[in-house]
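The structure appears below as structure tokens.
None of the figures in this text is laboratory data; all of them are computed from the coordinates on show. Source: prediction; values computed, not measured. All Cβ positions, even for glycine, are placed from backbone atoms using ideal geometry, and neighbour counts span all protein chains on display.
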Amino acid sequence: MRHLPSRTTRTSRRRVIGALTAGLLCAAGVTVPAAAQSPESAQAPTAGARAGNDLALTPPMGFNNWNSTHCRAEFNEEMVKGIADIFVEKGLREAGYEFVNLDDCWAKPQRNADGKLEADPVRFPNGIAAVADYVHSKGLKLGIYTSAGTKTCDSVGLPGALGHEYSDARQFADWGVDYLKYDNCNNQGVDAKERYTTMRDALAATGRPIVYSICEWGQNKPWEWAAGLGNLWRTTGDINDSWSSMLSIMKQNLPLAAAAGPGHWNDPDMLEVGNGGMTDTEYRTHFSMWSVMAAPLLIGSDLRTATPETYRILSNQEVIAVDQDPLGKQGTVLSSEGGRWVVAKEMRDGSRAVALFNETGSAQRISTTAAAAGLPGADAYTVRDLWAHTTRNTAGGLSATVPAHGTVMLRVAADRHWAAYPPAVELALDGSPLVEAGRTAQLTTTVTDLGRTPAVQASAALTGPSGWRIAADSATTAPALPTGRALATHWRVTAPPGTATGTYDLTLTAQYRSPTGQRVRSVVPFQAHVVVAPPAGGSYVSDLPQLTASNGYGPVEKDTSNGESAAGDGHPLTIGGEVYAKGLGVHAASAVEYYTGGACATVTARVGVDDEKGAKGSVAFEIWADGTKAASTGVLTNAMAAQPVSADVSGAQVVRLVVTDGGDGVDSDHGDWADLRITC
């Protein structure tokens, strides 16, 4: 994982407070008793405590305020009731969302004279029980938050439940709470299993059905032990509203599929859909991948100000059905080569949900087969696109050109009624379109019949921004496309002189009909990159425009270290005490692409782990020329001085600079491409 203590987010508070408290106690030679637990908890009965509570047989769905409000004043009784109203008015309740959960900062700073928790009278003037009554009146359930420590994770430190587990659980039950999120701050070094077991037993002792969410950030591998304690357990640190955060968390959660099942779920944290830090395409990926991973779907955006597209994403009942499938399987990775992910999930009805996910910054063709997804042999299959809401037949191939950071979500079945549907076609663009303003680029599109039946009277059309010239150099129609055959069309694409560098939308449209006469129109968006040729001679790469960039934490920084999650928060590039004025600061896993147009010869740099993370961090550096690895360093650690790396990139259209985690996770993996130069 990343090194987080210097962050100013809630995760930093959790880890700093929990880790420092335990560290100080150990340094002082203090042994924390098994009951930093009070006599109350030490004497509580554990006989008959159950491992399972028959709750959360599908992943919990609902809302939590933290991602959108944190502890700001807008988190209050009025907001919570308003969310409950919206669940009903917008159809979210009918879509399956049922929990309205309060996060940190709902309580007063001190317990009362009887040792009881009390609600903040400013935020919740009528108390938690009144809020629960209101939420219940809407046919919904209420969740609450506390920490398995002496204080919660809020910077002020509100009362935690350590030593008060049975009293607090009883109080939550009396208030009508239906869900408990149990955090990990200020835990006094008490063993995680012990702390979370005590609260499990305390909740069971109330007799009220309360879903139990273990939130210890994956630090103690809860997927190995928590199924006997809670209904869900966090597998990662906190998510934030960025592509890099979502992607990193997804990659940490995907390998844990074997631990999930009805009543016990891997939890990669709450949804950021609609909070504004990602594109709608990225939010659809976020929602798709959480669903194929059978993750809890807890809305983290303020629904009072959500856009129509946010509601469309969150309300997609076909994608929700994948998450909520009662078989309870988490999807497993079939392939991930080159950032082209295929994840398949077995469904109770025998079908398979298949996510084709594109991690990269340009459109990619991603393919698999019905057989690879686990379906039995059949003459043909039906394939349902869960975002386009279309059904087609396929001979067995599953393939799509997926936009950058996008996901195509399919549900595939060996269905004897396949012939009732038109054939599936795949629309593809040959390569990533790189266009220099004022110059003509050659592109090729294909329309390929994947179906068991032919695509009749097939045609292709390519359109672009106003002012662009797009003309076909070959046939744009075909009388019929049998299974596996393609209509390939060559195009001349010209961006007007003076067009600014950046990405521009192209659209490929195919029209055809099935043998039974059904008319079909398929549309796939692509992105053209308007680029400029690199200058002749030697240049610092950080002075050149980036074609695409992805980073494991925060943005790629120019001429500074990675720093933290915000843009511009890095420090001077420093490796082994040596400071460099020029280069790139990144965090594994990272990839940055530059257009070289076949005009460049060499790339050189001094590389290593930046000093800003102390003794931690291990990374490996790679230089790619188009699809070929031209140079690599092997694993470098913070203890090593800067290492030279150089690569021959002659003839490459694109140079890609990659930093991996060295094979041991991404804790403190701040890599520097120092003194990074290119000769053209």
Rounded to the nearest Å, the spacing of the alpha-carbon centers of segment 518-562 and segment 378-421 is 31 Å
Choose one of V88, G62, V532: the residue whose Cα lies farthest towards the positive end of the charge dipole of the chain (beta-carbon charges +1 Lys, Arg; -1 Asp, Glu; about the Cα centre).
-> V88
Using +1 on the beta carbon of Lys and Arg, -1 on that of Asp and Glu, and nothing else charged, what's the dipole of the chain about the Cα centre, debye to 20?
-> 1280 debye
Okay, helix-only estimate at 222 nm for the chain: each DSSP H run of n ≥ 4 adds -39500 (n - 2.57), divide by all residues, round to 500 deg cm²/dmol; what do you get?
-> -5000 deg cm²/dmol
Stretched fully, the stretch from T628 through S137 gains (0.36 nm per residue minus C-alpha distance, one decimal, in nm) 170.6 nm
Would you list which lysines come within 18 Å of K345, measuring only between C-alpha atoms, while excluding same-chain residues fewer than 8 positions from it?
-> K251, K329
Would you mind calculating the gained length between V579 and N126 on full extension (0.36 nm times residue separation, minus the Cα-Cα distance), in nm to one decimal?
-> 157.3 nm
Towards the positive end of the charge dipole of the chain, with charges on Cβ (+1 Lys, Arg; -1 Asp, Glu), say which of Y182, A488, S466 has the farthest Cα.
-> A488
Excluding L386 itself, calculate the net charge of residues whose Cβ lies under 13 Å from the Cβ of L386, where each Lys or Arg counts +1 and each Asp or Glu counts -1.
-> +3
Karplus-derived 3J(HN,Hα) from phi for segment 502-513 (6.51 cos²θ - 1.76 cosθ + 1.60, θ = phi - 60°), whole Hz, x at Gly and Pro, runs x, 9, 9, 7, 10, 10, 9, 10, 10, 10, 6, 9
If L327, L506, L573 are placed from fewest to most neighbouring beta carbons inside 10 Å, the sequence is L327, L506, L573
Under 16 Å from the Cα of K629 - aspartates and glutamates, other chains or at least 8 residues apart | E337, E593, D648
With just the Cα atoms of segment 422-532, tell me how far they stretch along each of the three principal axes, in Å, largest first.
-> 49, 21, 21
Run down the aspartates and glutamates and flag those whose C-alpha is under 19 Å from the C-alpha of K108, throwing out any fewer than 8 positions away in its chain.
-> E74, E77, E78, E118, D120, D154, E165, D168, D174, D183
How many Å³ per residue does the convex hull of the Cα positions in segment 301-358 occupy?
-> 106 Å³
Give me the net charge of R195's neighbourhood, meaning all other residues with Cβ under 9 Å from the Cβ of R195; Lys, Arg count +1, Asp, Glu -1.
-> -3
For the cross-link pairs K116/K193; K141/K181; K116/K151, which exceed 18 Å when the distance is taken from alpha carbon to alpha carbon?
-> K116/K193
Extending each Cα 7 Å along its Cβ direction at D430 and E309, get the distance between those two points in nm, one decimal.
-> 3.2 nm
If the chain between A321 and D543 were fully extended at 0.36 nm per residue, the gain over the current Cα-Cα distance would be 75.2 nm
Förster-model FRET efficiency, 25 Å R0, N53 and E224, C-beta, rounded to 0.05 | 0.80
Kirkwood-type radius of the chain, with distances r between different C-alpha atoms, in Å | 27.1 Å
Cα-Cα separations in segment 538-679 greater than 26 Å, expressed as whole percent | 14 percent
Karplus couplings for segment 522-530 from phi (6.51 cos²θ - 1.76 cosθ + 1.60, θ = phi - 60°), rounded to Hz, Gly and Pro as x?
-> 10, 10, 10, x, 10, 10, 8, 10, 7
Work out from phi, with θ = phi - 60° and the Karplus expression 6.51 cos²θ - 1.76 cosθ + 1.60, the ³J(HN,Hα) of each residue of segment 233-239, listed in order in whole Hz, and give x for Gly and Pro.
-> 9, 5, 9, 9, x, 5, 7
Between segment 130-209 and segment 282-357, how many Å separate their Cα centres?
-> 29 Å
For the chain, the longest principal axis of the Cα atoms and the Cα long axis of helix 10-27 enclose an angle in degrees, to the nearest 10, of 50 degrees
Going by C-beta contacts inside 10 Å, put Y311, Y182 in order with the fewest on the left.
-> Y311, Y182
